[in-house]
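Beneath this line is the structure, given in structure tokens, with notes to follow.
The values are calculated or read from the model by the stated rules, or taken from the named source; none is laboratory data. All values derive from a computational prediction rather than experimental measurement. Using ideal geometry, Cβ is built from the backbone for each residue, glycine included, and neighbour counts are taken over all protein chains shown. These area figures cover heavy atoms from the full protein model, side chains too; ligands, DNA and RNA do not enter into them. Shrake-Rupley method; radii C 1.70, N 1.55, O 1.52, S 1.80 Å.
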Amino acid sequence: MDIMRSTYLLQVVGVLCMTAAISQGKSSSMGRYMASVFSDLTPEEMKSIKSFLVEQQQLNLVSSQKTYGKNTIFMMELNLPKKSKVLKFLDSDGKNKPLREAKVVIFFGNQPNPNVTEFLVGPLPHPYYYRRINPRGKKLISFESRPVINVEYEKIQKKLVEVTKEFNHLLLEVSGYSFYNCSKRCLAFTDIAPRGLRSGERRSWIILQRFVDGFFLHPIGFEILLNHRSLNPEEWTVEKIWYNGQYFDSVKELLQKYEKKELNVIPLTHFTEEDPYSTYMPRGDFKTNTNVHGPKICEPQGKRYKVLGNYVEYTGWSFAFRVRPSAGLQIFDIQYNNERVAYEVSIQEAIAFYSGVTPAAMQTKYIDSGWAMGTVHYELAKGIDCPEVATYLDLYNFYDTDEPVRYKNALCIFELPTGMPLRRHFDSTHDGGYNFYAGVENHVLVVRTTSTVYNYDYIWDFVFYQNGVIEVKVSATGYIHATFFTPDGLHYGSKVYSHVLGNLHTHLVNYKVDLDIAGAENSFETIDLKYENISNPWSPGDFIVQSRMDRQLRSSERTAAFRFGEPLPRYLMFMNPNKKNKWDHYRSYRIQYNSHAHSVLPRKWDAERGIAWSRYSLAVTRHKDWEQTSNSMYIQSDPWDPAINFENFLRNNEDIENKDLVAWVTVGFLHIPHSEDIPNTSTPGNSVGFFLRPFNFFDEDPSVASRSTVIVRPTDKTFSKVTIKRWTPEVVGQCVSEKPFRYNGTYFSD
């Protein structure tokens, strides 16, 4: 009988455990299904889209890798459905899933009036329709505004070989390197944008550099202005040449000055292994030993988070993610304890605007979505870019290619101990003893990608804390953008090596923050402090001066747009005016800045229209499906007549009380390069971003649910014995990697 009873109990327990597991698994599986509405295009979908479009004879599509100036597919990415449709799907237990569609960009070069056209293609995975869309309304996207593609770069390289052949002897005399007939000592080049001075132009200043490790730090003093507007590269022309402070209208003029000894030639020292200033090779010594491993992150009992496709769960958090080819990482449907905090938090744009005395330095105004910022993520090195124990995911892109391209291990997700307690207190008796000590370990979940946009590397982080806080951060590293040093260049940067000037520049990054605080109907309020002088109620005749909260409900878009140079209120509150917490406060989240940004151009300057968002440290607008992004990849080549003008988002000055709101957040920093930027800019001090912090959203700190808590109490007045309460094991074995470091870094093979 006892055996039967035991067997029965075991069966019941087994069924209960299985039911609980199924229930928990169903929740995560449902989350994954919901997140799929945001998932990036799969390689199979990309191939299906391409096959379908190539079959449309009227499009007359050919390979993008073998032809120039023809009709080619340039890019494809997921087209997000309207927010209302997505919310209906997310909030109805997975019913009414929106159609899955792609946005495809086609370059139409093989026609009398070349242009760039965008199409919606669907439904996926097996499309049968396409229709034209135009972000500019009736106005076409100009062909000159298109990003430069690989084939065009090949043509530019060929043209430089042809042009420099005439003064090859001068290049060899100056640098020991050349384009023409080179084998080991070859020149490289960096092209500068915007490509001209007005809309419709396509002419680029090109810096010549010695092709060695870190060639960005090796300008040789020559800069060439190449007009490459024509779709026939044979018609491309050199319009100007700059060398060491002098301008020339042609190669012929340059050589004439050289032969007459009217050219101030500065021969450069040869780059050797004994002088590796631009390489990562170690040199010098520390006081302590660094040829042994430092501390590592380990997971002694396995991972405490789940990654299912593009869906993530961690502590109270759940969210979806994707990587948009033109801009980068986006996080969607951010929930804490199954309650939505934000619909979307995403990277929109990154810019770096430079100054200098060389023509290339003056012209350099990088707008990085025009350089495929969301595709240049490449492989993350385990143990360096992310912890060895991180979850690594591949990303796929269809950008300037004929087939989907796989970027191996290009996104990582990991849990990280911060080394700082989340909360702690030592309750002293002030006579040498204590009543208790309590502390909570601070772990965070990090979602990370990188973008290597030519010389610069951006590290993009979304950090989730257990107490309901989200940190959004970008860290800048990589090589500085350098030009040839001339004495007057010191007004625009620092000399960092012989004949090398590190040019000053300002980095700005724009984010979209679509907060849905306890629902989509929100209001925006700012809180600052003002002094008040009041009579002292307990000491007649005396006065008290103290701070008092100054609350301002911002009722319209213009009152919620804060220009750079104007004071930004210290508390920026997004609240739900229809929902209160237990203590009768409106449930809110706060945006808190970590930035020292400023504007990069005066308002209404011709090229400033394309980055109108950079006028504002913060702008709050009503949600519009047609105001989905503040950026466009066409603005880099044509900022004068931009495909998207952010100022239009604010022109109608709409009511923003109790509405679906979007915050456009701009952060950044000024970088004046210095000798410590050689060989590379390092990340400490070069990280900016913002926090999203709950403010009366919860009834108490939600991290009280964390079991990473320790409470210590003395059992007697001698403190010789204590009781320790903890909810995690006391002793855990060491974690070390048994796998050697390896790295491929290409998308050609494993």
Of the residues in the range 557-593, how many are polar (S, T, N, Q) and open to solvent by less than 20 Å² (accessible area, probe 1.4 Å)?
3
Meets criteria (more than 30 Å from H505 (Cα to Cα), assigned to a strand (DSSP E or B) and not small (G, A, S)) for D550
yes
What is the residue count in the range 468-491 for residues that are out of contact with any Pro (no Cβ under 6 Å at 6 or more places or on another chain), outside any strand (DSSP E or B) and more than 18 Å from G685 (Cβ to Cβ)?
9
Among the residues in the range 201-213, are any of a type outside the set (A, V, I, L, M), touching a Cys at 6+ places or on another chain (Cβ under 9 Å) and either on the phi > 0 side of the Ramachandran plot or outside any helix (DSSP H, G or I) (or both)?
yes
Checking the condition of a type outside the set (F, W, Y) and touching a His at 6+ places or on another chain (Cβ under 8 Å), which residue from K83, K95 passes?
K83
Here are S523, S539, S494: which of them is open to solvent by less than 60 Å² (accessible area, probe 1.4 Å), outside any strand (DSSP E or B) and either in contact with a helix residue (DSSP H, G or I) (Cβ under 9 Å, 6 or more places away or on another chain) or not β-branched (V, I, T) (or both)?
S539
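Among the residues of the range 281-288, is there at least one that is more than 27 Å from the chain's Cα centre (by Cα), part of a loop (DSSP other than H, G, I, E, B) and either in contact (Cβ under 8 Å) with a residue 60 or more places away in the chain or under 19 Å from F462 (Cβ atoms) (or both)?
Step one: filter the range 281-288 for residues more than 27 Å from the chain's Cα centre (by Cα), giving 281-288.
From the residues that got through so far, the ones that are part of a loop (DSSP other than H, G, I, E, B) too are 281-288.
Narrowing the set further to residues that are either in contact (Cβ under 8 Å) with a residue 60 or more places away in the chain or under 19 Å from F462 (Cβ atoms) (or both) leaves none.
For the range 281-288, residues more than 27 Å from the chain's Cα centre (by Cα), part of a loop (DSSP other than H, G, I, E, B) and either in contact (Cβ under 8 Å) with a residue 60 or more places away in the chain or under 19 Å from F462 (Cβ atoms) (or both): absent.
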Run down T190, T237 and say which single residue is at negative phi, of a type in the set (S, T, N, Q) and within 28 Å of the chain's Cα centre (by Cα).
T190
Checking N581 against (1) farther than 29 Å from E339 by Cβ; (2) touching a strand residue (DSSP E or B) at 6+ places or on another chain (Cβ under 8 Å), which test does it fail?
(1)
Of (1) open to solvent by 20 Å² or more (accessible area, probe 1.4 Å); (2) more than 20 Å from F222 (Cα to Cα); (3) among the charged types (D, E, K, R), R146 fails just (1)
Need at least 1 residues that are among the hydroxyl-bearing types (S, T, Y) and within 21 Å of the chain's Cα centre (by Cα) per element, so show me which strands (runs of 3 or more DSSP E) inside the range 304-399 make the cut, counting only ones lying wholly within it.
311-314, 317-324, 339-354, 365-367, 391-399
Scan of the range 242-277 for residues that are in a strand (DSSP E or B), within 22 Å of V161 (Cβ to Cβ) and more than 35 Å from the chain's Cα centre (by Cα), ordered by number:
Y243, F248
If a residue counts only when it is open to solvent by 70 Å² or more (accessible area, probe 1.4 Å) and touching a Leu at 6+ places or on another chain (Cβ under 9 Å), which strands (runs of 3 or more DSSP E) contained entirely in the range 401-442 have at least 1 such residues?
405-417
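Just for the range 165-189: of the residues that are open to solvent by 20 Å² or more (accessible area, probe 1.4 Å) and aromatic (F, W, Y), which one is nearest to I73 (Cα to Cα)?
Initial filter on the range 165-189 (open to solvent by 20 Å² or more (accessible area, probe 1.4 Å)): 165-166, 168-169, 172-173, 180-186, 189.
So of that shortlist, the ones also aromatic (F, W, Y) come out as 180, 189.
Working: Y180: 33, F189: 27 Å.
This residue is F189.
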Going by the conditions given, is E162 in a helix (DSSP H, G or I), out of contact with any Phe, Trp or Tyr (no Cβ under 7 Å at 6 or more places or on another chain) and either open to solvent by 10 Å² or more (accessible area, probe 1.4 Å) or not hydrophobic (A, V, I, L, M, F, W, C) (or both)?
yes
